[in-house]
């Protein structure tokens, strides 16, 4: 399907931006030269923390510069807890991220699916989890890792409010919408 792949590094600052040139075989059997850029930021994991008894979930809110420059006046995004794998297995990564971002120490998570989030330009695959939390699991304040300048606010809210926030446009993050809809479709509440 493709051959003669040439890879060029365009930027290696925060993450890596590559330019690929390659020959692509079309359905009619003819070959054409194509060029694409791909942003490699590594793979990640995301989790929806749920408390079935209280009918509540944990979300986070933090500033996201790319949304600010694309019309989100405050730059703030409501999201599920998530992070890059950074060499960890997805399950280990998400447990670490939950503790750093929310202050909860959870032991059991369930992987529910995985997805490429923007396959036309980003190499990342995201592993999606569901995890249950209780108050007794709270061991810290959360807010993110000190060295990552995240400044995360932890939000605990009724599941039904999260559904409303999607409808109202207060939640615009794809991974968050996907996990909330997964919970809704699978009757987790």
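The values are calculated or read from the model by the stated rules, or taken from the named source; none is laboratory data. Since we're looking at a predicted model, the values are computed, not measured. Using ideal geometry, Cβ is built from the backbone for each residue, glycine included, and neighbour counts are taken over all protein chains shown.
Of all the residues that make up region 147-189, how many are part of a helix (DSSP H, G or I) and touching a strand residue (DSSP E or B) at 6+ places or on another chain (Cβ under 8 Å)?
Qualifying residue count for the region: 10.
Counting just the residues of region 79-97 that are within 20 Å of residue 140 (Cα to Cα) and in contact with a helix residue (DSSP H, G or I) (Cβ under 9 Å, 6 or more places away or on another chain), which one comes out surrounded by the most Cβ atoms within 10 Å (Cβ to Cβ)?
81
Report yes if residue 39 is surrounded by 14 or more Cβ atoms within 10 Å (Cβ to Cβ) and without any contact (Cβ under 8 Å) to a residue 40 or more places away in the chain, otherwise no.
Answer is no for this residue.
Mind checking which residues of region 1-13 are in contact (Cβ under 8 Å) with a residue 24 or more places away in the chain and in a loop (DSSP other than H, G, I, E, B)?
1
Any residue in region 61-69 that is under 20 Å from residue 167 (Cβ atoms), assigned to a loop (DSSP other than H, G, I, E, B) and in contact with a strand residue (DSSP E or B) (Cβ under 6 Å, 6 or more places away or on another chain)? Walk me through how you get there before you give the answer.
Just the residues of region 61-69 that are under 20 Å from residue 167 (Cβ atoms), to begin with: 61, 67.
Add one more test, that the residue is assigned to a loop (DSSP other than H, G, I, E, B), and what stays is none.
For region 61-69, residues under 20 Å from residue 167 (Cβ atoms), assigned to a loop (DSSP other than H, G, I, E, B) and in contact with a strand residue (DSSP E or B) (Cβ under 6 Å, 6 or more places away or on another chain): absent.
Restricting to region 70-88, name every residue that is more than 22 Å from residue 16 (Cβ to Cβ) and part of a strand (DSSP E or B).
Of everything in region 70-88, those that are more than 22 Å from residue 16 (Cβ to Cβ) and part of a strand (DSSP E or B) turn out to be 76, 77, 78, 79, 81.
Among the listed residues 120, 144, which satisfies the condition of being at pLDDT below 95, under 17 Å from the mean Cα position of the chain (by Cα), loosely packed, with under 15 Cβ neighbours inside 10 Å and not in a strand (DSSP E or B)?
120
Hey, could you check region 21-45 for residues that are assigned to a strand (DSSP E or B) and within 28 Å of residue 89 (Cβ to Cβ) and say which is farthest from the chain's Cα centre (by Cα)?
38
What residue, among those in region 149-180 that are more than 23 Å from residue 111 (Cα to Cα) and under 16 Å from the mean Cα position of the chain (by Cα), is modelled with the highest pLDDT?
152
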